[in-house]
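The values are calculated or read from the model by the stated rules, or taken from the named source; none is laboratory data. Since the model is a prediction, treat every value here as computed from it, not as a measurement. Heads up, the Cβs are rebuilt from the backbone with ideal geometry, glycines too, and the neighbour counts pull from every protein chain shown.
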């Protein structure tokens, strides 16, 4: 699936650079106006798009004919979640004949929300869908035709996507959803089943199971649910549907209205884009999620996705607000709170995150997810002993963690190693490597840990060299190789390699400390002191300040190499 992309921050910041605060005569209170402009610029740089949109709209009120400012206000208002406000700005852009496709899509969806299905269709038809927008407009047209009461034409709208040599995934999903909404259960079942692996998302699993239930195939519905929950035990979004099945209640289609269908399509677009790291689609994902929630405000999977996208942009406070929009005491609300702890970790408010995770554990003591978050938060707080306890609690509730989840073994291995329990740590790290043998940081961590203890130096070197091959420009991994040379008394190579590491990570205290040691050993004592001073300025306890201060006071012992200090 391809979609057109917006790069909000890049385009808005670049455009803001050529704008100037309005002249004093542009408003009765120029200081307030200038303040709004500067506040908007600051909010944009900080990626607080909601605030930026409000401030630039305030400036726009004083300079309403400024098209560049109008475009910026539209984009930021939309990304900030005020879609009605964005639609008002979009209408001004549309009449100015400067509208881009996002402007017109916003107007189409505004018409759809108002129930103006034919008007929305006419507007969509007048829009020349260029480039990647061609993959989205057929889907929008299909749901608009459903809203207008023409189901047959709705399905025909998807033909440009479905009659390609390789049918479009999103188009195939919409076909299943439309058939389901229209009550064609046989057609919907075939369409859902034809999705194969694409049908493994929580929404499509619920859709297929719902069709089975309405056809009287309750055992098949139960099997579909069981297959999903076996693989995704802590995804609780299906819990209400499973409870309805157990009670013998009649299932309903997952799409309740054409507006819901449009919202579902926008959610799938946002979800796909948010996972496309190479495309850096966070801004696009944010906009499509906002549009989905505009059409369907009570949409748990989209509300959770909104929080995830905002957290990915380090808008942690806004992410917390998104997560907290889901009610307590519901499966979706519990899942959102789990993610909320990640936002507290991003804010380095570890105690708040730990308190919330502890509440989650109390609410659902049999679930691994709360314990995993406790472990991660304790590890981030550097309370490694508590992290190990939490990780072990998680493993007791889900044995598969230790069997198939290399990330869990890696995280617990780090906590064990930092807690001084290296025998267990080594077991976890080796099992993690067995599951993922080409992960550079994992290889480096075990290699450095062995090196740190003077244990199996040949294996440690082999692990670190493989990590370097996999990630040749990672300063931390290059530092490990430099420390291999240092520990094996190859000082010239140590200096050369550690100098490369410091060029990649100039502020890292451990690398500065290591390079200082290497300089001292080759007689470059003035430079050694410079590196140790740099390490002392930036260390937060690792390496320990007292050890660096001792080196600055006395240098290194004549014969004994300094013990390496483990970095995070």
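Is there a residue being out of contact with any helix residue (DSSP H, G or I) (no Cβ under 6 Å at 6 or more places or on another chain), surrounded by fewer than 15 Cβ atoms within 10 Å (Cβ to Cβ) and touching a residue at least 40 places away in the same chain (Cβ under 8 Å) anywhere in segment 220-228? The answer is no; no qualifying residue exists. Consider segment 61-78 and keep the residues that are in a helix (DSSP H, G or I) and modelled with pLDDT under 80. The one that is nearest to the chain's Cα centre (by Cα) is 61. Taken together, 177, 208, 155 contain a single residue that is at pLDDT 95 or above and surrounded by fewer than 22 Cβ atoms within 10 Å (Cβ to Cβ), which is 155. If you check 373, 379, 396 for being within 15 Å of residue 337 (Cα to Cα) and assigned to a helix (DSSP H, G or I), only one passes: 373. Give all pairs with beta carbons closer than 9 Å in which a residue from segment 355-377 that is at positive phi meets a residue that is surrounded by 23 or more Cβ atoms within 10 Å (Cβ to Cβ); count only pairs at least 6 apart in sequence or on separate chains. Note: no pairs meet the criteria. Residues of segment 452-459 include none that is in contact with a helix residue (DSSP H, G or I) (Cβ under 8 Å, 6 or more places away or on another chain) and buried (at least 21 other Cβ atoms within 10 Å of the Cβ).
On the given criteria, is residue 549 more than 30 Å from residue 438 (Cβ to Cβ), exposed (fewer than 15 other Cβ atoms within 10 Å of the Cβ) and at pLDDT below 95? So residue 549 fails the test. Sub-7 Å Cβ pairs linking a first residue in segment 243-261 that is under 28 Å from residue 141 (Cα atoms) to a second residue that is at pLDDT 95 or above and part of a loop (DSSP other than H, G, I, E, B), at least 6 apart or interchain, are 259/296; 260/296; 261/255, ordered by first then second residue. Does segment 404-424 contain at least one residue that is in a helix (DSSP H, G or I), touching a helix residue (DSSP H, G or I) at 6+ places or on another chain (Cβ under 6 Å), touching a residue at least 40 places away in the same chain (Cβ under 8 Å) and closer than 30 Å to residue 293 by Cα? Within segment 404-424, not a single residue is in a helix (DSSP H, G or I), touching a helix residue (DSSP H, G or I) at 6+ places or on another chain (Cβ under 6 Å), touching a residue at least 40 places away in the same chain (Cβ under 8 Å) and closer than 30 Å to residue 293 by Cα.
One residue is enough: does segment 158-169 have a residue meeting the conditions surrounded by 21 or more Cβ atoms within 10 Å (Cβ to Cβ) and modelled with pLDDT under 95? For segment 158-169, residues surrounded by 21 or more Cβ atoms within 10 Å (Cβ to Cβ) and modelled with pLDDT under 95: present.
Which of the residues belonging to segment 304-347 are more than 17 Å from the chain's Cα centre (by Cα) and either within 23 Å of residue 50 (Cα to Cα) or not in a helix (DSSP H, G or I) (or both)? Within segment 304-347, 324, 325, 326, 327, 328, 329, 330 meet the criteria. For segment 106-122, filtering for residues that are assigned to a helix (DSSP H, G or I) and free of Cβ contacts under 8 Å to residues at least 40 places away in the same chain leaves 9. Selection over segment 362-383 of residues that are within 18 Å of residue 422 (Cα to Cα) and either in contact with a strand residue (DSSP E or B) (Cβ under 8 Å, 6 or more places away or on another chain) or surrounded by fewer than 19 Cβ atoms within 10 Å (Cβ to Cβ) (or both) gives a count of 2.
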